[in-house]
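Asker: The structure under discussion is supplied below as structure tokens; questions concerning it will follow.
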Amino acid sequence: MEEIFRMLHDQYKVHGVTAFRGIAGFGSKGVVRADDILRLNVHLPLVLEFFDKPETVDAVLPRLQEWVPANHILRWEAECGCP
């Protein structure tokens with residue numbers, strides 16, 4: 001995770017990055033995994049979200065696909081008051 005953050009900041013100067021850890025989820029096999037008070041499940045979903053200009057996102061996506069399968073990457077347009 002730290003390596004991806006460093007790449008996004010140092011090489012691409014993206015405006016912002018946030019990582020979210022899910023509290024429950026399931027994958028293609030349908031096995032439900034959930035967090036509880038007694039233990040932290042390391043197989044919970046992790047979402048990395050970043051935003052920037054379309055040309056920056058276009059440059060970053062091929063690099064992200066070196067770590068994450070393309071079918072795990074979502075992209076959508078959003079409006080931001082970014083400079």
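Asker: Suppose the filter is small (Gly, Ala, Ser) and at pLDDT 90 or above; does Gly81 pass it? Reasoning before the result, please.
Answerer: Working: small (Gly, Ala, Ser): yes; at pLDDT 90 or above: no.
Here the answer is no, as Gly81 does not meet what is asked.
Asker: Still on this model: Working only within region 44-83, note down all residues that are among the acidic types (Asp, Glu), part of a loop (DSSP other than H, G, I, E, B) and either within 30 Å of Lys29 (Cβ to Cβ) or in contact with a Lys or Arg (Cβ under 7 Å, 6 or more places away or on another chain) (or both).
Answerer: At the first step, the residues of region 44-83 found to be among the acidic types (Asp, Glu) are 49, 52, 55, 58, 66, 77, 79.
With part of a loop (DSSP other than H, G, I, E, B) added as a condition, the list becomes 52, 66, 77, 79.
Passing the criteria: only Glu66.
Asker: Pairs only if they're at least six apart or on different chains, beta carbon under 7 angstrom, first in region 3-22 and under 12 Å from Thr56 (Cβ atoms), second surrounded by 10 or more Cβ atoms within 10 Å (Cβ to Cβ) and among the acidic types (Asp, Glu); list them, first residue then second.
Answerer: Partner pairs satisfying both residue conditions: Val14/Asp52; His15/Asp52.
Asker: Every residue in region 48-83 that is loosely packed, with under 10 Cβ neighbours inside 10 Å and within 18 Å of Met1 (Cα to Cα), please.
Answerer: Selection gives Pro62, Glu66, Pro69, Ala70, Leu74.
Asker: Now a separate question. Would you please name the residue that is surrounded by the fewest Cβ atoms within 10 Å (Cβ to Cβ), looking only at residues in region 15-34 that are among the aliphatic types (A, V, I, L, M) and under 13 Å from the mean Cα position of the chain (by Cα)? It would help to see each step written out before you state the result.
Answerer: Filtering region 15-34 for residues among the aliphatic types (A, V, I, L, M) gives 17, 19, 23-24, 31-32, 34.
Next, from what is left, pick out any that are under 13 Å from the mean Cα position of the chain (by Cα): 17, 19.
Working: Val17: 15, Ala19: 12.
Restricting to residues being among the aliphatic types (A, V, I, L, M) and under 13 Å from the mean Cα position of the chain (by Cα), the top hit is Ala19.
The values are calculated or read from the model by the stated rules, or taken from the named source; none is laboratory data. Computed from a predicted model, the values in this text were never measured in an experiment. With ideal geometry, Cβ positions are generated from the backbone for all residues, glycine too; neighbour counts draw on all protein chains shown.
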